[in-house]
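Q: Following this message is one structure expressed as structure tokens.
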Amino acid sequence: MTYLLNNPTDFAVDALRGFTAAYPAHVMLAHGGVVRATETPKDQPALVVGGGSGHYPAFAGWVGPGMAHGAPCGNIFSSPSASQVYSVARSAENGGGVLLGFGNYAGDVLHFGQAAEKLRAEGVDVRIIRVSDDIASGPAGSHRDRRGIAGDLAVFKVAGAAIAAGADLDEAERVAWKANDATRSFGVAFDGCTLPGAEEALFHVPEGEMAVGLGIHGEPGIREVPMGTAADIADLLLDGVLAEEPERSGSGYNGRAAVILNGLGTVKYEELFVVYGRVAERLGEKGIQVVAPEVGEHVTSLNMAGLSLTVMFLDEELEEYWLAPADTPAFRRGAASALPEAPARSGIHIPGEDPIPEAAAGSRASAQRIVEALEVLKATAAAHEEHFGRLDAAAGDGDHGQGMAYGTRGAAASGRDAAAQGAGARTVLLHAGDAWAEEAGGTSGALWGAALTAAGGVFDDAQSVTAGDVVRALAAGIGAIVRLGGAQPGDKTMVDAALPFRNALETEFGATSDLSGSVLKAAAVAREAAEATADITSRRGRSRILGEKSLGTPDPGAWSFSVLMEALGTFLQSVPDAAQELT
């Protein structure tokens, strides 16, 4: 159990506040996370890494010179929201773009991705690194589809060192992916962790056994085996990661490796040293030279009883960056004097205090039409809320109708407020996208929020929105849904309706230049595609577990998409001169 807390719901916030008070020379609070206490050097890429709380030292403990510039921190084992990621990134960025790093988990992919869409819409270059070191979570041939565990430390250390050495955003991204592709991890658990305020652990392992292939969010592992000695466990972990050792060569990997033996929260240092003694012995027998090993707690899971082994197979470049100086609250290497000094931070991004950019009269007029369209979507979602919920209840938790109602309501209100302050078309949609994601929550909210954000990136606050702009914006929004959600046609998701809609829209508008007619015809195609999802089972999301129960019922996300697009087409019919400009 967690002994020291005030209110369980405030645990993550209280911990972050105390952390920044303990390390004021390194970090300061930002909305939903921390940033360096010093300014990011002008035009240097900002490395922003994060995820849920409960993993300290990851991720806030790695903020400082030579490593990260900021870390958004979600609730316990929960992704930070898109607004938290965005706010930390805005506070850290100083002209060099942003490299977002996180473990490859669905919630992080969505929320970091949505924040990236908004930053890009504002002209900030953003790259994304999804760490995928856990060999237990996927086959070797699909390494980048695996989840991230303690390999986060190796990847972010290398990326931060490359940036400190002068790498631009392209180079930092290349090096980070190179580090990820060279890193493998494997772990075991002896007992589960207990969430703050809870009386029971998330799982228990039978006496005398251990769970192999643990996750860091309370996942118990993929199988249970008899527990052996420390040497047996060392052999199990090492054999797992070395099964994917690359071939040795003169110009690449040459038998040198960075090694991290990581405690998950309850297994303490002396125990880890016993295991590491066997790891070091075995590596020596195999002719692998260990470079600057790390033994201790680096990526924890609250108080989980377990450990993991990470190996990054080095070449000269990766080794140079692994050994480079770093000065953070939880990870230090070399002399701090070897790192360049930076001035104290003068300020951070505060949500709600962004000034509304100046907009031309034509763009403000278009913004008013966009607000009207958002109001139509709000009314449509409210009218269909019960039906959307019934569709979702077939194989889900039945909250899709409520989520769509909340999301459209928040988007309309935020867009209306921005327009009242003189915002142009781009800014109105960016505000609406933020609000949709925050109000709706869940996967659907994140995807619709990202869609509005990407659509807003097509528009311009300096000019009116043309019919062609609307088509491009709709296509960009659907592109964001596909890119962030990762679904393919046939998975029984919103994508099954959205992609046919986009294809039909672009084809019809290219032939006729009739915006409203093209949207309505594309919406009819989307409705037909949504109806067809009744004949397939779910393959993604929570409903995939009850996939057979979804047979005979259309996917709620696909259906609601088609309904909202039909409403949009009908609205556009009422807009004067919609064939030319949305004013």
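Bear in mind these aren't lab numbers, they're just calculated from the coordinates by the rules spelled out. These figures come from a predicted structure and were not determined experimentally. Every residue, glycine among them, receives a Cβ derived from its backbone with ideal geometry; neighbour counts consider all protein chains shown.
Q: Given 0.36 nm per residue, what is the gain on full extension from THR512 to PHE273 after removing their alpha carbon distance, in nm?
A: Working: separation 239, 0.36 × 239 = 86.04 nm, distance 7.15 nm.
Residue separation times 0.36 nm, minus the Cα-Cα distance, leaves 78.9 nm.
Q: Angle between the Cα long axis of helix 82-92 and the longest principal axis of the chain, 0 to 90 degrees, nearest 10?
A: Orientation of helix 82-92: about 70 degrees from the principal axis.
Q: Right, next: Provide the FRET efficiency to the nearest 0.05 for the THR229-ALA344 pair, computing r from the beta carbons and using R0 = 51 Å. Please list the in-between numbers first.
A: Numbers: r = 51 Å, r/R0 = 1.00.
It comes to 0.50.
Q: Continuing with this model, one more query. Among the GluC sites (Glu not before Pro) within the range 151-208, which fall in a DSSP loop and have no more than 13 other Cβ atoms within 10 Å of their own Cβ? Let's see the in-between values first.
A: Values: sites: GLU171, GLU173, GLU199, GLU200, GLU207; in loops: GLU199, GLU200, GLU207.
Answer in residue order: GLU199, GLU200, GLU207.
Q: I'd like to know which of ILE370, CYS73, MET28 lies farthest towards the positive end of the charge dipole of the chain, counting +1 on Cβ of Lys and Arg and -1 on Cβ of Asp and Glu.
A: ILE370
Q: GLU244 versus GLU358, label points 7 Å from Cα toward the beta carbon: distance in nm?
A: Inter-label distance under the simple model: 5.3 nm.
Q: Can you give the extra length, in nm with one decimal, that the chain gains between LEU551 and ASP168 once fully stretched, where that is 0.36 nm per residue apart less the Cα-Cα distance? Show your work: numbers first, answer last.
A: Working: separation 383, 0.36 × 383 = 137.88 nm, distance 4.98 nm.
Result: 132.9 nm gained on full extension.
Q: Points 7 angstrom from Cα along the Cβ direction at ALA382 and LEU236: gap in nanometres?
A: 5.7 nm
Q: Ok, one more. 222 nm [θ] for the chain, helices only, -39500 (n - 2.57) per DSSP H run of 4+, per residue, to 500? Spell out each step's value before the answer.
A: Working: 17 runs with 263 residues, N = 583.
So the calculated ellipticity at 222 nm is -15000 deg cm²/dmol.
Q: For ALA532 and ALA336, what does the FRET efficiency come to when R0 = 60 Å and r is the distance between their Cβ atoms, rounded to the nearest 0.05? Provide the component values of the computation, followed by the final result.
A: On the way: r = 61 Å, r/R0 = 1.02.
Plugging the Cβ-Cβ distance into 1/(1 + (r/R0)^6) gives 0.45.
Q: For the chain, build the charge dipole from Cβ charges (+1 Lys, Arg; -1 Asp, Glu) around the Cα centre, then report which of ALA116, GLY490, PRO556 sits farthest towards its positive end.
A: ALA116
Q: Please give the residues of the range 36-61, grouped as numeric ranges, whose backbone N is less than 13 Å from a label point set 7 Å along the Cα-to-Cβ vector of TYR3.
A: It comes to no residues whatsoever.
Q: Taking a virtual spin label 7 Å from the Cα of ALA420 along the C-beta vector, which residues in the range 434-448 bring their backbone nitrogen under 15 Å of it?
A: none
Q: Report the label-to-label distance for LYS42 and GLU281 in nanometres (one decimal), using points 7 Å from each Cα along the Cα→Cβ vector.
A: Result: 5.8 nm between the two label points.
Q: Further question on the same structure: Please state the charge dipole magnitude for the chain, taken about the Cα centre, from unit charges on C-beta atoms (+1 on K and R, -1 on D and E), reported in debye and rounded to the nearest 20. Numbers along the way, then the final one.
A: Details: 43 positive and 74 negative charges, 68 e Å.
The calculation lands at about 320 debye.
Q: With unit charges on the beta carbon (Lys/Arg positive, Asp/Glu negative), name the residue among LEU520, VAL428, ALA379 whose Cα is farthest towards the positive pole of the charge dipole of the range 361-573.
A: Final value for the positive-end residue is VAL428.
Q: Round to the nearest 0.05 the FRET efficiency obtained for ALA198 and ASP14 when R0 = 22 Å and r is the Cβ-Cβ distance. Kindly include the intermediate steps, with their values, before the conclusion.
A: Working: r = 17 Å, r/R0 = 0.75.
Approximately 0.85, to the nearest 0.05.
Q: Let me ask another. For each of PHE571, PHE156, count neighbouring Cβ atoms within 10 Å of the residue's Cβ, then give the residues from fewest to most.
A: Values: PHE571 20, PHE156 28.
With the fewest neighbours first, PHE571, PHE156 line up as PHE571, PHE156.
Q: Number of Lys-Lys pairs in the chain under 23 Å by Cα, sequence gap 8 or more or different chains?
A: Values: LYS42/LYS118; LYS42/LYS157; LYS118/LYS378; LYS157/LYS178; LYS378/LYS521; LYS492/LYS521; LYS492/LYS549.
Pairs that pass both the separation and distance tests number 7.
Q: Let me ask something additional. When the dipole is taken about the Cα centre of the range 384-540, and only Lys, Arg (+1) and Asp, Glu (-1) are charged at their Cβ, what size is it in debye, to the nearest 20? All intermediate terms of the calculation are to be shown ahead of the outcome.
A: Working: 12 positive and 20 negative charges, 49 e Å.
Using only the charged Cβ atoms, the result is roughly 240 debye.
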